[in-house]
Amino acid sequence: MKNSWTNNFILCVLAAVLCCGNLAMAHGGGSPPGSGQDEGSLEDRRAAFEAALRDVLDEEQRKALRNAFDHSETIGEIMTLLRALRPEEANRVREQAKLPKDFDHLFHGWVLHQQGLYEKAHQQFSKVDKATLEVDGYLANRYDELMKTAAALQDFEVFETQNFSIRYQDGPDKVMLAYLPDILERVYSEYARIFQFTRGEKIIVEVMPDYKLFSYASALTKSQIETTGTIALCVENRLVMMTPRRVARGYYWPDVIAHEYVHYILTKHSHDKAPLWFQEGVAKYFEAKWEKPDADPLGAMLESSLARAIKADSFLTVEQMMPSFAALPTAELATQAYAQTASMVDYLCQSKSEDVIYKIAVDLPQKGDIDSVLSDMLGVPFSTFEEDWKKWARTRDYKVHFEVDPFQGVTLLDEDASTEGIAELDKENDKGRKHTRLGDLLLERNRYQAALQQYQKTVVANETIHRQILLRMLRCLQFLNRPRDMIDLIQENVPVLHEDATMLVHLGRAYLELDDKASSAANLRAATRVNPFYPDIYRLLMQTYDAEKDAAEIQEIQRLLETLNKKPVGNKETKT
């Protein structure tokens with residue numbers, strides 16, 4: 001009984017002294033050095049420890065606790081290295097430290113987990129006495145998350161590319177192998193040039209088959225994921241993405257995975273000393289530049305958010321953005337945080353050049369904080385830089401793009417959706433409701449022209465048509481064989497077309513009706529960058545090929561269609 005009590009109390013003290021309550025391992029999730037948050041000197045922590053020790057009367061317990069405190073510095077070093085995505089160095093420290101067995105198994109498993117050796121990691125986690133961890137919320141939760149993640153991931157398939165190790169659950173997600181490897185290698189090549197980065201071990205990329213496993217891997221709740229749209233992360237020395245088939249309408253995953261890879265590079269270069277605003281701003285600024293060097297760093301949605309903030313003079317402080325954009329309470333705040341930080345990085349790059357980002361990142365390990373680095377490079381500390389950026393931003397003439405809806409978060413799905421269907425309208429006036437319901441009754445009876453006329457009566461001049469009305473009108477036009485009208489309707493009402501798989505499929509269908517097979521195929525292939533799990537993409541794409549000349553391509557598309565219908569299974573086959 002005494003030994004159990006002593007072990008629990010040791011961990012309690014270590015947690016209080018070392019972890020400060022909540023050490024987040026995801027990028028930007030904690031208080032990285034240089035963020036302005038002081039975790040206290042060793043002397044301060046020693047004094048706090050000795051004060052707590054006065055309540056311990058048993059000399060044996062005092063001795064054990066002092067021994068534990070001596071280990072705390074080593075454990076702190078291990079956790080710092082893990083947070084900086086340096087598992088090999090963390091393991092060398094662990095091997096030399098001779099930690100108490102529960103700590104040794106925990107951190108050995110953690111190292112193996114970051115190296116992608118999930119079966120071995122799970123074996124180490126299984127040796128940890130979980131009761132010892134219950135006294136500290138963060139460690140207990142993280143242990144559970146790592147344990148569950150390792151248990152699931154050890155059965156994933158592995159596909160090796162030149163620079164990446166892609167892990168996925170066999171089944172529908174295997175479709176991603178038709179697209180993900182090429183995108184990753186293109187991203188790697190371009191960012192190797194921009195950030196002067198060369199990998200060590202192959203970079204692990206995991207496609208999570210559902211939000212539950214993504215939650216374990218990311219330490220985010222379903223509510224946080226849906227509110228802020230955090231559907232990918234750089235965490236535990238790898239890139240983790242939600243499968244697009246479990247996100248309503250999918251998402252533009254190439255730029256999202258590129259965004260997370262920028263976080264990976266910055267964390268490696270800076271030894272995790274890049275502050276949150278810099279991490280997120282640089283990732284947002286560069287996320288599309290792997291393919292479009294002149295890409296707008298904000299885009300219409302972020303520009304609108306920043307324009308509103310400037311007009312209202314309601315800037316977020318970097319402290320308000322902490323500890324993570326993924327933890328911000330509303331989609332509006334998350335959007336504004338991305339807008340501000342991307343604009344700050346834009347200002348930084350225009351003041352110097354894009355090369356300054358690499359220089360800042362590699363200077364941070366030596367200089368220790370962003371103030372020192374900015375003072376050397378710009379001649380001003382961060383506070384002055386921030387005020388200068390606000391003055392610059394006010395002169396940029398940022399505009400509100402009313403044709404683009406504000407970001408409303410994402411909707412996670414429990415089941416796969418083969419297409420985006422017609423649903424009830426969330427908001428409509430009495431007049432609109434009357435015509436919509438009448439149109440729906442006519443549509444059910446295949447009276448497409450009459451239904452279309454009712455839907456047209458809900459349209460307000462000079463306003464974008466409500467998405468659900470648009471879907472209804474497109475269905476009517478499809479059955480009325482009016483492909484040119486379908487194309488015009490989409491182009492006039494969908495401002496961010498490349499991120500909309502549903503509308504790209506409708507365009508592919510319309511162009512096919514016009515016998516413009518090249519345009520049809522281009523739109524259908526573009527849809528795979530948002531949600532490659534829509535069967536209609538492949539059914540229509542087969543019709544764009546010549547049955548005799550393109551037999552191999554048609555066979556590959558048929559294989560993808562078959563893969564979509566596979567049930568998820570687990571095995572460990574490694575392929576290249």
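Here are some notes:
- Residue in region 499-506 that is farther than 17 Å from THR419 by Cα and open to solvent by 70 Å² or more (accessible area, probe 1.4 Å) present: no
- Filtered residue count, region 503-542, keeping only those that are of a type in the set (Phe, Trp, Tyr) and in a helix (DSSP H, G or I): 2
- Check on LEU42, open to solvent by less than 20 Å² (accessible area, probe 1.4 Å), farther than 27 Å from TYR216 by Cα and modelled with pLDDT under 70: no
- The set of residues in region 246-259 being of a type in the set (D, E, K, R) and open to solvent by less than 10 Å² (accessible area, probe 1.4 Å) is empty.
- Looking only at region 135-146, and only at residues there that are open to solvent by less than 20 Å² (accessible area, probe 1.4 Å) and more than 13 Å from SER215 (Cα to Cα), the one that is modelled with the lowest pLDDT: ASP136
- Unmet criterion (only one of (1) buried (at least 23 other Cβ atoms within 10 Å of the Cβ); (2) out of contact with any helix residue (DSSP H, G or I) (no Cβ under 6 Å at 6 or more places or on another chain)) for VAL262: (2)
- Looking across region 366-390 at every residue that is farther than 18 Å from LEU276 by Cα and acidic (Asp, Glu), the one that is most open to solvent (accessible area, probe 1.4 Å) is identified as ASP376.
- Close pairs from region 68-79: first of a type outside the set (Phe, Trp, Tyr), partner not in a helix (DSSP H, G or I), Cβ under 6 Å, at least 6 apart: HIS71/LEU99
- Single match in THR132, THR149 (criterion: of a type in the set (Val, Ile, Thr), at pLDDT below 95 and within 20 Å of the chain's Cα centre (by Cα)): THR149
- When TYR455 is tested against (1) open to solvent by 20 Å² or more (accessible area, probe 1.4 Å); (2) within 21 Å of ASP500 (Cβ to Cβ); (3) aromatic (Phe, Trp, Tyr), only condition (1) is not met.
- Among the numbered conditions (1) more than 26 Å from MET241 (Cα to Cα); (2) open to solvent by less than 30 Å² (accessible area, probe 1.4 Å); (3) in contact with an Asp or Glu (Cβ under 8 Å, 6 or more places away or on another chain), the only one that PHE533 does not meet is (1).
- Pairing each residue of region 388-405 that is in contact (Cβ under 8 Å) with a residue 12 or more places away in the chain and farther than 20 Å from ILE465 by Cβ with any residue that is among the aromatic types (Phe, Trp, Tyr) and open to solvent by less than 50 Å² (accessible area, probe 1.4 Å), provided the two are 6+ apart or on different chains, yields C-beta distances under 8 Å for ASP388/TYR347; TRP389/TYR347; LYS390/PHE315; TRP392/TYR347; ALA393/TYR347.
- Residues of region 192-211 satisfying the condition of being surrounded by fewer than 21 Cβ atoms within 10 Å (Cβ to Cβ), under 30 Å from PRO568 (Cα atoms) and at pLDDT below 95: GLU201, ASP210
- Evaluated against (1) under 20 Å from the mean Cα position of the chain (by Cα); (2) open to solvent by 10 Å² or more (accessible area, probe 1.4 Å), THR267 falls short on exactly one condition, (2).
- Looking across region 368-412, the residues that are modelled with pLDDT of 90 or more and within 30 Å of PRO244 (Cα to Cα) come down to VAL400, HIS401, VAL410, THR411, LEU412.
- Residue under evaluation ALA274, criteria (1) under 14 Å from the mean Cα position of the chain (by Cα); (2) closer than 30 Å to ASN91 by Cβ, criterion not met: (1)
- Matching residues, region 270-286, being more than 16 Å from ALA334 (Cβ to Cβ) and either open to solvent by less than 10 Å² (accessible area, probe 1.4 Å) or part of a helix (DSSP H, G or I) (or both): SER270, ALA274, PRO275, PHE278, VAL282, TYR285, PHE286
- LEU177 satisfies every condition listed in (1) assigned to a helix (DSSP H, G or I); (2) open to solvent by less than 10 Å² (accessible area, probe 1.4 Å); (3) touching a strand residue (DSSP E or B) at 6+ places or on another chain (Cβ under 6 Å); (4) of a type outside the set (Phe, Trp, Tyr) except (2).
- Selection status of ALA527, closer than 20 Å to MET486 by Cβ and open to solvent by less than 30 Å² (accessible area, probe 1.4 Å): yes
- Residue that is farthest from GLN124 (Cα to Cα) [pool: residues in region 72-108 that are part of a helix (DSSP H, G or I) and among the basic types (Lys, Arg)]: ARG83
Let's see how each residue does on (1) in contact (Cβ under 8 Å) with a residue 24 or more places away in the chain; (2) not in a helix (DSSP H, G or I):
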residue: ALA152; (1), (2): yes, no
residue: ASP182; (1), (2): no, no
residue: GLU201; (1), (2): yes, yes
residue: ILE204; (1), (2): yes, yes
residue: TYR216; (1), (2): yes, no
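- The set of residues from region 536-556 being open to solvent by 70 Å² or more (accessible area, probe 1.4 Å) and acidic (Asp, Glu) comprises GLU548, GLU553, GLU556.
The values are calculated or read from the model by the stated rules, or taken from the named source; none is laboratory data. Keep in mind it's a predicted model, so treat the numbers as computed, not measured. Note that each Cβ is placed from the backbone with ideal geometry, even for glycine, and that neighbours are counted across all protein chains shown. The area values use the complete protein model at the heavy-atom level, side chains included, leaving out ligands, DNA and RNA. Shrake-Rupley method; radii C 1.70, N 1.55, O 1.52, S 1.80 Å.
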